[in-house]
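Scroll down for the structure; my scribbles are underneath it.
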Amino acid sequence: MKVQLNVKGKSQYAESVNEKYRSSACGPTTVHVLLNYICEEHELARTDINTMYNLLGSTRIGLFTWRIVGNLRKLLGPDFHIATCSLEEALQQLDKGIPVAMKFDKWFSLQWFTKKKPLFNYHWVPLIGYEIVNDELYFILHDNGHRTRDSQIRKCKYDDNKHVLSFVKIEAKKDVSPNCK
């Protein structure tokens with residue numbers, strides 16, 4: 001079984017992103033990508049990554065989960081449901097055609113000496129799909145780019161990363177935002 005949404009990625013290292021923000025702009029870049037897919041007509045979706053960086057309260061060490069949830073709730077208002085979610089909820093969102101913000105966090109989850117090396121130590125990415133191969137779950141994600149390249153779609157094995165992962169769903173309420181996914 002495979003689900004992969006046609007989400008357009010963006011690099012946090014794009015020239016349009018302030019140079020001093022680039023290394024820590026994965027959270028704002030992820031939100032920017034998700035909002036442009038979920039509800040491109042929303043004013044916040046048209047906001048550039050530099051403005052998003054400040055609106056979300058990003059810092060040089062990244063963007064905390066509680067901050068992304070709280071600030072998005074304030075910025076998007078009652079038309080959206082923003083919350084942390086479980087793996088099962090994240091997969092349900094993808095099945096409904098809605099990408100999810102996924103955070104790799106080796107440092108604040110205290111997983112410094114784990115035997116399984118995660119794909120990233122600390123990084124927000126748009127989770128755009130999943131695939132089950134031989135009863136093993138693989139995630140399909142945009143990696144938000146690198147200094148030398150644009151964002152690309154990558155796969156990672158859930159089991160190798162589960163100890164450092166968390167998920168945030170951004171869901172438009174249909175009764176208020178009918179043109180959003």
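The values are calculated or read from the model by the stated rules, or taken from the named source; none is laboratory data. Please read all numbers here as calculations on a predicted model, not as lab measurements. We place every Cβ from the backbone using ideal geometry, glycine too, and count neighbours over all the protein chains shown. For accessibility, only protein heavy atoms count, side chains too; no ligands or nucleic acids. Shrake-Rupley method; radii C 1.70, N 1.55, O 1.52, S 1.80 Å.
Structural remarks
- Segment 119-136, residues that are in contact with an Asp or Glu (Cβ under 7 Å, 6 or more places away or on another chain) and at pLDDT below 90: Tyr122
- Test: residue in segment 79-94 that is assigned to a helix (DSSP H, G or I) and more than 24 Å from Tyr130 (Cα to Cα): yes
- Taken over segment 59-73, residues that are basic (Lys, Arg) and either outside any helix (DSSP H, G or I) or over 21 Å from Ser24 (Cβ atoms) (or both) amount to 2.
- Pair list, Cβ under 7 Å, 6 or more apart: segment 153-166 residue over 12 Å from Tyr138 (Cβ atoms) and open to solvent by less than 50 Å² (accessible area, probe 1.4 Å), other residue modelled with pLDDT under 90 and aromatic (Phe, Trp, Tyr): Val164/Phe104; Leu165/Phe104
- The residues on offer are Ala101, Ala45, and the sole one that is of a type in the set (A, V, I, L, M), outside any loop (DSSP other than H, G, I, E, B) and out of contact with any strand residue (DSSP E or B) (no Cβ under 8 Å at 6 or more places or on another chain) is Ala45.
- Boolean, Ile38 is surrounded by 15 or more Cβ atoms within 10 Å (Cβ to Cβ), touching a strand residue (DSSP E or B) at 6+ places or on another chain (Cβ under 9 Å), β-branched (Val, Ile, Thr) and touching a residue at least 24 places away in the same chain (Cβ under 8 Å): yes
- Segment 41-54 - residue that is in contact (Cβ under 8 Å) with a residue 24 or more places away in the chain and open to solvent by 70 Å² or more (accessible area, probe 1.4 Å) and, of those, nearest to Ile68 (Cα to Cα): Asp48
- The set of residues from segment 137-152 being open to solvent by 10 Å² or more (accessible area, probe 1.4 Å) and either part of a helix (DSSP H, G or I) or at pLDDT 95 or above (or both) comprises Leu137, Tyr138.
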